[in-house]
1. Residue check: is residue 39 out of contact with any helix residue (DSSP H, G or I) (no Cβ under 7 Å at 6 or more places or on another chain) and of a type in the set (A, V, I, L, M, F, W, C)?
2. Read through the list (1) hydroxyl-bearing (Ser, Thr, Tyr); (2) farther than 27 Å from residue 141 by Cβ; (3) under 16 Å from the mean Cα position of the chain (by Cα), then give the number of the only condition that residue 43 fails.
3. Within the stretch 35-42, is even one residue outside any strand (DSSP E or B) and open to solvent by 60 Å² or more (accessible area, probe 1.4 Å)?
4. Need pairs with beta-carbon distance below 7 Å; first residue modelled with pLDDT of 90 or more and within the stretch 65-79, second aromatic (Phe, Trp, Tyr) and not in a strand (DSSP E or B); sequence gap 6+ or separate chains.
5. So, residue 117, is that one over 22 Å from residue 58 (Cα atoms), surrounded by 19 or more Cβ atoms within 10 Å (Cβ to Cβ) and of a type in the set (Ser, Thr, Tyr) or not?
6. Among the residues of the stretch 150-164, count how many are open to solvent by 10 Å² or more (accessible area, probe 1.4 Å) and closer than 14 Å to residue 104 by Cβ.
7. Go through (1) free of Cβ contacts under 8 Å to residues at least 24 places away in the same chain; (2) open to solvent by less than 70 Å² (accessible area, probe 1.4 Å) for residue 167 and report which single condition fails.
8. Given 18, 5, which one is in a loop (DSSP other than H, G, I, E, B) and either at pLDDT 90 or above or over 20 Å from residue 105 (Cβ atoms) (or both)?
Amino acid sequence: LNLVNIMSISHLGATTNNSTELTTNDLLLYQSHTYGVRIHYPSDWEVTESPSRNTFIPGSISHLDKIRDYLDIIVISAENMRLHELVSSEINYYRQNFQDFKLIELVQTTLVNNPAYKITYGYQDAQEHITRMILVTVKDGVAYYIAYHAHTAEFFRYLPTIEKMIRSFQINLP
């Protein structure tokens, strides 16, 4: 993949009118001193922490769902890779490992005032069509990923909330 030629293919399927909006009174602040990040999230969402990621799950999602809609924050070493090298490596991994992988959008953007890429792609997981939107930036040798994972049919339901969460994201390095 040559990232000099940025792709933008804007079609994710039909939108729905079931968007979930955030109100200012419904936001909580999540802060991880371990990873040096903070983000605002809806008060009715569940937060789970693991050694490799912090996951935010809408309260309306059943724990019985096999594949749930969620937002992950992943912070890892960039292993001296530049941003475009990291993104190219990620996309190659997805192409090789996700059934029916389809790159929907790849654009340069910013995340917390740092150069970033937004990658949106779809794939098949068992009987489910999945769409993921990932923003990635590198700062001081650390890669920061914000990944929104959703059933394709539900992708736009939480997108306004996800976008507000992403705008609230901050990197607070020690």
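The values are calculated or read from the model by the stated rules, or taken from the named source; none is laboratory data. A quick note: this is a predicted structure, and the numbers were derived from the prediction, not measured. Cβ sites come from the backbone with ideal geometry, for glycine too, and all protein chains shown count toward neighbours. For accessibility, only protein heavy atoms count, side chains too; no ligands or nucleic acids. Shrake-Rupley method; radii C 1.70, N 1.55, O 1.52, S 1.80 Å.
1. The answer is no for residue 39.
2. Single failed check for residue 43: (3).
3. Within the stretch 35-42, not a single residue is outside any strand (DSSP E or B) and open to solvent by 60 Å² or more (accessible area, probe 1.4 Å).
4. If the second residue must be aromatic (Phe, Trp, Tyr) and not in a strand (DSSP E or B), the pairs left are 75/35.
5. Judged against the criteria, residue 117 is a match.
6. Matching residues across the stretch 150-164 total 3.
7. All conditions are met except number (2).
8. Every option except 18 fails the conditions.
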